[in-house]
1. What is the one condition in (1) more than 9 Å from chain A (Cβ to nearest Cβ); (2) modelled with pLDDT under 70; (3) part of a helix (DSSP H, G or I) that B:GLN2 does not satisfy?
2. Among what's in segment A:270-282 and is open to solvent by 20 Å² or more (accessible area, probe 1.4 Å) and in contact with an Asp or Glu (Cβ under 7 Å, 6 or more places away or on another chain), pick the residue that is nearest to the other protein chains (Cβ to nearest Cβ).
3. Does A:THR102 satisfy the criteria of being in the same structural domain as A:TRP177 (by TED's automatic domain parsing) and assigned to a helix (DSSP H, G or I)?
4. Out of segment B:411-428, which residues are surrounded by 14 or more Cβ atoms within 10 Å (Cβ to Cβ) and over 23 Å from the mean Cα position of the chain (by Cα)?
5. Quick check on this structure: which one of B:ILE255, B:ILE322 is assigned to a loop (DSSP other than H, G, I, E, B) and touching a strand residue (DSSP E or B) at 6+ places or on another chain (Cβ under 7 Å)?
6. Which of (1) assigned to a helix (DSSP H, G or I); (2) touching a residue at least 60 places away in the same chain (Cβ under 8 Å); (3) in contact with a Leu (Cβ under 7 Å, 6 or more places away or on another chain) is the odd one out, the single condition B:TRP287 does not satisfy?
7. Just wondering, is there one or more residues in segment A:248-268 that are facing chain B (nearest Cβ under 8 Å), without any contact (Cβ under 8 Å) to a residue 40 or more places away in the chain, in contact with a helix residue (DSSP H, G or I) (Cβ under 9 Å, 6 or more places away or on another chain) and among the polar types (S, T, N, Q)?
Amino acid sequence: MATDTLTPALPRTDPSASGRTTSMRRQKRLGATAILVFLILSSLLMAAPFLWMALSSIRDPTELAQVPMPLIPQDLRLENYTDALARAPFATYARNSLILATAAAVLNVAFGSACGYALAKLRFRLAPAVFGWMVACIMIPFYATVIPVFLMVRHMPLFGGNSILGAGGTGWIDTWWALIVPGAISPFMVFLFRQFYVTTPSELIEAARLDGVSEFGIYARIMTPLIKPGLLTVALLSFEAGWNNFLWPLLVTTSDNLRVIQVGIASFRQEASTDWHLLMAGTTMAAVPMIILFLVFQRYFVDGFAASGIK
Amino acid sequence: MQISRRSVLAASAAAATGIGAAACGAGGEMDPEEPVDLEADESTLSGAISLLTPDFVGDARAPLDEEIIAPFTERTGVSVSVDQVDWNKLNEKISTGIAGGIIADLIMTGVGWTQPFAEKGIFAEIPADFIESLGFDESVLVSTRFEGKYYSLPQALDLRFLGYHPEAFAAKGIEEPPATMDELAEIALELTGDGMVGLDYLSGSAGSARQAFVFLLYAFGGRMFSEDGMTPMLHEEPGRLALQWMLDRMAEGSINYDLRAAEGQPSPFQQKKAAMSLVATGNWVTWSQMSPELCEDGAVGLFLMPPGAGGDPVMFQGGTFISISSLSKNKDAAGAFMKHMLDPEYLGIGNSAMGKVPPTPDIPPDEEIESNALTQFGLENLPYAGATEGGSAAYMEVRTNLDGIVESCLTGKSSVPATLEDMKALCDGAISRI
């Protein structure tokens, strides 16, 4: 009797229950397959422009003109890359973009984290107002600030032949200062850092103070290591913004040796014609560093966005 | 006296404001009123000048540096630096330069740009006697003037007219290109069918909707602004006829608004989906790369836009015009370089490299220019290149917004009278802000 009540074999012997389990498994499998198919199709859809760009970068210009254009290039034309490199000083442009993007990443992390930490963890009366002002600044479009920032750069005292009053010379125009300094801090990055620091426990700050750690030490050695995904997110976003920057470098530079890769890519577009094969080769070369960076750091990048609540 | 943190901050702010105000108010060394001396002895020239250009992109840059600038620098000792900027960002570049009081000595812009920048005092006046000595056709000088004075000179033209596939004409027994707008409409309708559209006028392969409208406006005998540029005229009867002509063709099916090629793909005319098309001289480069068969002798027929109200046929004129900055600190050297660039030999080199049309046919023989059928057609018909954008100091503000207004009409969102009213309101508003 007791064995009868304890036996767990009953469901196995019930054909209808077994069928239900199988059916549920099948449904689960079907559901998982459907999700997988959907994700694969979505991924292909998202990747399609990049694939088209990469494939077009090795097509012959006459093949680009075919209607319909074959999906797979029939004649691999790798010389599009060498032609594109020969068309403009791409090595110089790439070096400049790398310097600009790296500087933007480093400076934004340094200044943005300090500002974000101050707004999140340091108690001072104006903190809410300063934070509100920062958030308001995010809403100001870049175009609205171009001329004021240009004027500040152009009238920078004691630079480029300018007097102490900022007149008589060219200031920072056509220098690395003009390229790097205006992009060294962004209100959005401060906002992002503030969101990361808010999620960290304030008790650690109090404990560190009791242990005699300096305020800068608390910021640099105790709190900032806790927001590594945030540091990487801001670094990547700033690097990407610096790498893709086009208008500002175009406005504040005049010489070729300070131009960046996005300006170089524009040289394939003329008023009435575009060298699509070279444009695609140039764009592919410009996109590769960003794709590699994203692939290497994608876990942190996604974590960072998720943690900051801006996903 | 005790110094508080607040007083230090207040003092810093006051000092910064003072320095800023003083900096903004401090005058530079340039004198905008100083006239350009184009007769200056080249041996007296020195220093450096800068050239801001949207042209000479890619492969065309080397000829500019090596074959145009190098001989000038060798001859005069004046060095020339080139600031090459994309057409789409040229206005921003010039505008920020003006705001900062730091702009290139020589500035290259497009048709319709001269009057707005001349009115702002950015372009220096160019002596009329020098321009007359060049012997350029009046048609290419119309857009160089503001209030009767010259402020720019054509350096490279981009001309637009109509092209057709001769075999499509032959299949329908059409022997001659149309001579009037009515004939153009009839032929376009006759050629429509069997998967082919009669006229590709709006696909954007040779300009925007705005430019398509302006071209027809001139064909119907109209113009954009009055002589002094202070009264809009594009909303008058020729403007109505131009819009209505496009709408009628779209209703008949001989112009198909939806006939567009994807970016990077050949135009409907290149694909032979259109029997006739608006064609720009700049299309030659694309044709030679993508559809070389169109560049063969006799593969494409060309004709000017026929008149809609009697008179002469017309050709649309775009292009690049060179001006001397009134803020230049080295105006004489800038003037000398402008003269150098307008020398027939260098006009030939520059236009050959860019695939554009020199503003005069009087240039030394050049294989590239002579083998370009579109350029040759443009040069042969330069006196008809009267359809030009602009003519008002307010045009830079009108320019971009006009596209949307024309598109609204073509897509049926706005009636012809409402579109003309919108055009007038746009121009009046912009002119009132001069």
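1. So the condition that B:GLN2 fails would be (3).
2. Taking the candidates together, the pick is A:ALA272.
3. Details: in the same structural domain as A:TRP177 (by TED's automatic domain parsing): yes; assigned to a helix (DSSP H, G or I): yes.
For A:THR102, the condition - in the same structural domain as A:TRP177 (by TED's automatic domain parsing) and assigned to a helix (DSSP H, G or I) - is met.
4. B:SER414, B:VAL416, B:THR419, B:LEU420, B:GLU421, B:ASP422
5. Matching residue, one of B:ILE255, B:ILE322: B:ILE255.
6. For B:TRP287, the exception is condition (2).
7. No.
Yes or no, residue by residue, for (1) part of a helix (DSSP H, G or I); (2) of a type in the set (Asp, Glu); (3) within 18 Å of A:ALA103 (Cβ to Cβ):
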residue	(1), (2), (3)
A:GLY217	yes, no, no
A:ILE222	yes, no, no
A:LEU231	yes, no, yes
A:GLU240	yes, yes, yes
A:TRP243	yes, no, yes
A:LEU278	yes, no, no
A:VAL288	yes, no, no
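The values are calculated or read from the model by the stated rules, or taken from the named source; none is laboratory data. As the structure is a prediction and not an experimental result, all values here were calculated from the model. Glycine gets a Cβ as well: all are built from the backbone with ideal geometry, and neighbour counts include every protein chain shown. Ligands, DNA and RNA are stripped out before the accessible areas are found, and what is left, the full protein with its side chains, is counted by its heavy atoms. Shrake-Rupley method; radii C 1.70, N 1.55, O 1.52, S 1.80 Å.
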